[in-house]
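For reference, the structure discussed in these notes is given below.
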């Protein structure tokens with residue numbers, strides 16, 4: 001029996017038995033997730049969704065949800081299709097107090113809708129980078145770091161903190177030919193012009209993800225000093241395999257946080273040693289929150305992981321846990337501020353705008369060191385918490401840097417410029433005039 005069939009059978013069994021195993025809840029907040037457990041990106045989507053789901057189940061079992069209110073986690077399958085994602089948004093928005101698009105393409109499509117429907121978008125570490133501007137994008141949040149933050153941190157790392165060290169060098173961007181993959185281009189173009197390095201974008205079409213021979217032939221011909229990967233799903237494993245085959249130096253190969261999945265590197269094992277990925281999360285197997293998930297979800301037979309003993313310690317599963325934590329902390333902040341149990345979408349918007357995920361809060365949650373500390377505000381919907389560089393040691397990713405920070409002085413003007421362009425192009429656009 002295949003792993004997929006086992007997962008589907010387990011899911012059906014759990015759903016069938018939900019009425020008998022779930023505790024009784026008088027109140028519930030509906031938290032839909034536009035998931036993608038199928039399609040070309042299922043390999044990366046599945047562990048993330050498993051982590052998100054298991055954290056919600058753990059809180060419902062251990063704490064009765066959020067202050068006694070059930071966390072109504074629900075998935076609407078998109079297959080990473082923008083069209084299906086919009087359908088899922090329309091299907092869930094009547095009851096939803098949040099939307100989690102899980103694709104930059106879907107995010108861009110629902111962004112103007114949420115401004116009218118007044119439903120907050122939560123897109124941790126993805127989406128449209130200018131969403132950081134809370135005055136323009138009152139209903140959109142992408143904590144703890146944006147794509148432009150990630151691109152900046154990679155450049156800072158490879159240049160040893162001085163981008164002028166890149167003068168005369170060549171930096172290639174191997175990217176998915178999709179809105180997600182194009183996100184870092186405006187910042188990288190600007191940085192190349194300012195600091196004198198050559199920027200070489202190399203797109204990978206959806207049909208080329210598993211056969212990137214043309215792209216890697218170009219890399220062999222151009223001989224870039226660094227390759228930065230902005231990949232997803234099957235593209236990541238395809239690129240790693242080609243890099244090994246063409247003998248590209250792995251210690252000159254970097255990825256954004258969605259190009260840092262254990263499963264992608266396990267395909268090459270030791271041969272991938274040296275590859276690095278910027279990340280705002282780090283897996284910590286012995287974190288207290290992991291013990292609680294083990295007890296209340298895994299040991300209770302409620303997880304959808306096919307190999308919990310190994311999968312629970314991987315980067316993407318634990319990142320999914322963190323993403324749900326960010327959402328739940330937004331719910332709790334709203335409950336406290338409005339003295340309410342079942343918070344509304346508008347109240348949750350306030351909660352997401354007033355997150356304070358500091359070291360003390362992470363210790364309280366049993367998540368110390370698992371995610372960068374950050375806080376949001378009216379005009380800062382990202383938090384810009386920074387990130388760490390993770391490196392593949394042949395068997396797993398390990399943290400190899402202190403906390404890195406993006407060049408906010410360079411990024412903020414671009415955020416405001418692109419936010420204004422978006423608002424002007426979508427006029428009349430409602431601004432958050434109360435945000436100074």
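The values are calculated or read from the model by the stated rules, or taken from the named source; none is laboratory data. These numbers come from a predicted model, not from an experiment. Cβ atoms come from the backbone with ideal geometry, glycine included; neighbour counts cover every protein chain shown.
Kindly indicate whether any position in the range 71-84 is under 28 Å from residue 380 (Cα atoms) and without any contact (Cβ under 8 Å) to a residue 40 or more places away in the chain.
Yes, the range 71-84 contains at least one residue that is under 28 Å from residue 380 (Cα atoms) and without any contact (Cβ under 8 Å) to a residue 40 or more places away in the chain.
Conditions first: (1) touching a helix residue (DSSP H, G or I) at 6+ places or on another chain (Cβ under 8 Å); (2) farther than 25 Å from residue 265 by Cα; (3) outside any helix (DSSP H, G or I); (4) at pLDDT 95 or above. Residue 23 passes all but one, so which condition is the exception?
(4)
Could you please find all residues in the range 108-138 being in a helix (DSSP H, G or I) and surrounded by 22 or more Cβ atoms within 10 Å (Cβ to Cβ)?
Scanning the range 108-138 gives 110, 114, 129, 130, 131, 132.
Could you list all residues from the range 253-265 that are free of Cβ contacts under 8 Å to residues at least 40 places away in the same chain and either out of contact with any helix residue (DSSP H, G or I) (no Cβ under 6 Å at 6 or more places or on another chain) or surrounded by fewer than 17 Cβ atoms within 10 Å (Cβ to Cβ) (or both)?
Matches in the range 253-265: 255 only.
Could you grab me the full set of residues in the range 178-194 that are surrounded by fewer than 20 Cβ atoms within 10 Å (Cβ to Cβ) and touching a helix residue (DSSP H, G or I) at 6+ places or on another chain (Cβ under 7 Å)?
Listed by number, the residues that qualify are 179, 186, 190.
State which residue pairs qualify: first residue closer than 14 Å to residue 51 by Cα and inside the range 287-310, second residue in a helix (DSSP H, G or I) and at pLDDT below 95 in any location, beta carbons under 7 Å apart, and separation of 6 or more residues or different chains.
Pairs that qualify, where the first residue is closer than 14 Å to residue 51 by Cα and the partner is in a helix (DSSP H, G or I) and at pLDDT below 95, are 302/14; 304/7; 304/10; 304/11; 306/3; 306/6; 306/7.
Return yes when residue 334 is more than 15 Å from residue 144 (Cβ to Cβ), touching a helix residue (DSSP H, G or I) at 6+ places or on another chain (Cβ under 8 Å) and surrounded by fewer than 24 Cβ atoms within 10 Å (Cβ to Cβ) and no when it is not.
For residue 334, the condition - more than 15 Å from residue 144 (Cβ to Cβ), touching a helix residue (DSSP H, G or I) at 6+ places or on another chain (Cβ under 8 Å) and surrounded by fewer than 24 Cβ atoms within 10 Å (Cβ to Cβ) - is not met.
Consider residue 113 carefully, then state whether it is within 22 Å of residue 30 (Cα to Cα) and modelled with pLDDT under 95.
Answer is yes for this residue.
Do we have residue 75 as touching a strand residue (DSSP E or B) at 6+ places or on another chain (Cβ under 6 Å) and more than 20 Å from residue 349 (Cβ to Cβ) here?
When the stated conditions are applied, residue 75 passes them.
When residues of the range 90-137 are filtered for being within 13 Å of residue 430 (Cα to Cα) and more than 20 Å from the chain's Cα centre (by Cα), how many remain?
8
Looking at (1) modelled with pLDDT under 95; (2) touching a helix residue (DSSP H, G or I) at 6+ places or on another chain (Cβ under 9 Å), which one does residue 427 not meet, given that it meets all the others?
Of everything listed in (1) modelled with pLDDT under 95; (2) touching a helix residue (DSSP H, G or I) at 6+ places or on another chain (Cβ under 9 Å), residue 427 misses just condition (2).
Kindly provide the set of residues from the range 74-97 that are buried (at least 24 other Cβ atoms within 10 Å of the Cβ) and within 17 Å of residue 320 (Cβ to Cβ), ordered by number.
Correct list: 78, 80.
Restricting to helices (runs of 4 or more DSSP H) lying wholly in the range 319-436: which have 1 or more residues that are on the phi > 0 side of the Ramachandran plot and touching a residue at least 24 places away in the same chain (Cβ under 8 Å)?
none
Across the range 26-49, which residue is modelled with the lowest pLDDT among those that are touching a helix residue (DSSP H, G or I) at 6+ places or on another chain (Cβ under 9 Å) and part of a loop (DSSP other than H, G, I, E, B)?
It comes out as 40.
Among the residues of the range 251-274, write down those that are under 25 Å from residue 143 (Cα atoms), assigned to a loop (DSSP other than H, G, I, E, B) and in contact with a strand residue (DSSP E or B) (Cβ under 7 Å, 6 or more places away or on another chain).
Correct list: 256, 260.
Restricting attention to the range 120-177, and to residues there that are out of contact with any helix residue (DSSP H, G or I) (no Cβ under 7 Å at 6 or more places or on another chain) and free of Cβ contacts under 8 Å to residues at least 24 places away in the same chain, which single residue is farthest from residue 406 (Cα to Cα)?
Here the answer is 165.
Tell me, which strands (runs of 3 or more DSSP E) wholly within the range 139-250 include 2 or more residues that are within 23 Å of residue 319 (Cβ to Cβ) and modelled with pLDDT of 95 or more?
Strands (runs of 3 or more DSSP E) meeting the threshold: 170-176, 226-230.
Just a yes or no: is a residue in the range 50-58 in a helix (DSSP H, G or I), farther than 23 Å from residue 370 by Cβ and either in contact with a helix residue (DSSP H, G or I) (Cβ under 9 Å, 6 or more places away or on another chain) or touching a residue at least 12 places away in the same chain (Cβ under 8 Å) (or both)?
Within the range 50-58, none of the residues are in a helix (DSSP H, G or I), farther than 23 Å from residue 370 by Cβ and either in contact with a helix residue (DSSP H, G or I) (Cβ under 9 Å, 6 or more places away or on another chain) or touching a residue at least 12 places away in the same chain (Cβ under 8 Å) (or both).
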